[in-house]
Amino acid sequence: MKCPFCGHIGDRVVDSRESKEGELIRRRRECLGCNRRFTSYERLDEIQFMVVKKDGRREIFNRQKLLNGILAACQKRPVRMADCQNIVNDVLAILYEKPDKEISSNEIGEIVMDRLKALDQVAYVRFASVYRAFKDVTEFMGELETLIMKAKSKE
C-alpha cells in the first residue's frame, strides 16, 4: 500500500478490525519509510449490477448514489445511518437473488419507499415526492391523505 504521506510502497499492518456487519475490514498501517500511521479499508469486490432506468437506459448500480438519496430524504429526521444502510442492503439482497443481475429503477424506488414508510413517514413522503415526481399539489396531497387515513385506522 502506498503511504499517503511520503509515497513509500512498503508498510506493515499494525491492527485489523472487521466491521460489525462483516462487510469491511479496517487496517491500521505503519509506513516503513516515514513510520507514520494511516488507515486503509478493504471491501469485497461486488458484482456489477445494472439499473434499468425509466427511459430504458442502463447504468451500473451505485450503492452510494442510492444511499445519498435515502439520506437526503431522512435529513433532520430521527433515522439512524444503520437503518439507511440496511435499506440499501435490502436492495442489494434482492439483486443478488435475481438471475439476470438487473433491476428497474421503479423496483428500487418501491423497495425504498416500502422500507421508509415503515421507518419514518416524513422521510417516505420526501423520497416519494422526488421518486414519483408528483406533477402538482393534488397528487402530493393524495399521497398525504392516504398516509393520514392509514395512520387513523391504526389508532
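Rule-based calculations on the coordinates, nothing more; no lab input. Source: prediction; values computed, not measured. Positions of Cβ are backbone-derived with ideal geometry, glycine not excepted, and every protein chain shown enters the neighbour counts.
Using a Förster distance of 22 angstrom, determine the FRET efficiency expected from the C-beta separation of residue 39 and residue 93, and round it to 0.05.
My answer for the efficiency is 0.20.
Counting only helical runs of four or more DSSP H residues, what would the 222 nm mean residue ellipticity of the chain come to if each run contributes -39,500 (n - 2.57) and the total is spread over all its residues?
When only DSSP H runs of four or more count, the value is -15000 deg cm²/dmol.
Report, in degrees rounded to the nearest 10, the 0 to 90 angle that the Cα long axis of helix 63-73 makes with the longest principal axis of the chain.
Once rounded, the angle reads 50 degrees.
With an 8 Å cut-off on Cα pairs and a minimum separation of 6 or more residues, tell me the relative contact order of the chain in percent.
14 percent
Share of antiparallel DSSP beta bridges in the stretch 23-155, in percent to the nearest 5?
75 percent
Amide H to amide H, which residues 5 or more places from residue 8 or on other chains are under 5 Å from it, using H placed in the peptide plane?
It is 3, by chain and number.
Classify the chain: rounded, prolate or oblate, from the alpha-carbon gyration tensor (a ≥ b ≥ c, eigenvalue square roots; a/c under 1.5 rounded; otherwise prolate if a/b is larger than b/c)?
Prolate shape, in that a/c is at least 1.5 and a/b is the bigger ratio.
For helix 81-97, report the angle its Cα long axis makes with the longest principal axis of the Cα atoms of the chain; keep it between 0 and 90° and round to the nearest 10°.
Between the helix axis and the principal axis of the chain, the angle is about 90 degrees.
Lys and Arg at +1, Asp and Glu at -1: add these up for the other residues within a Cβ distance under 14 Å of residue 36 and post the number.
+3
Residues with amide H under 5 Å of residue 104's amide H, sequence separation 5 or more or different chain, H placed in the peptide plane at 1.01 Å from N; which?
Hits under the 5 Å cutoff: 52.
Helix 105-119 sits at what angle to the longest principal axis of the chain, using alpha carbons and giving 0 to 90 degrees rounded to 10?
80 degrees
Could you derive backbone 3J(HN,Hα) for the stretch 52-62 from the dihedral phi with the Karplus parameters 6.51, -1.76 and 1.60 (θ = phi - 60°), listing whole Hz in sequence and x where the residue is Gly or Pro?
8, 6, 4, 8, x, 5, 10, 9, 5, 4, 10
Which cysteines in the chain lack any other cysteine whose Cβ sits under 4.7 Å from their own Cβ?
Result for the chain is 74, 84, no neighbouring Cys Cβ within the cutoff.
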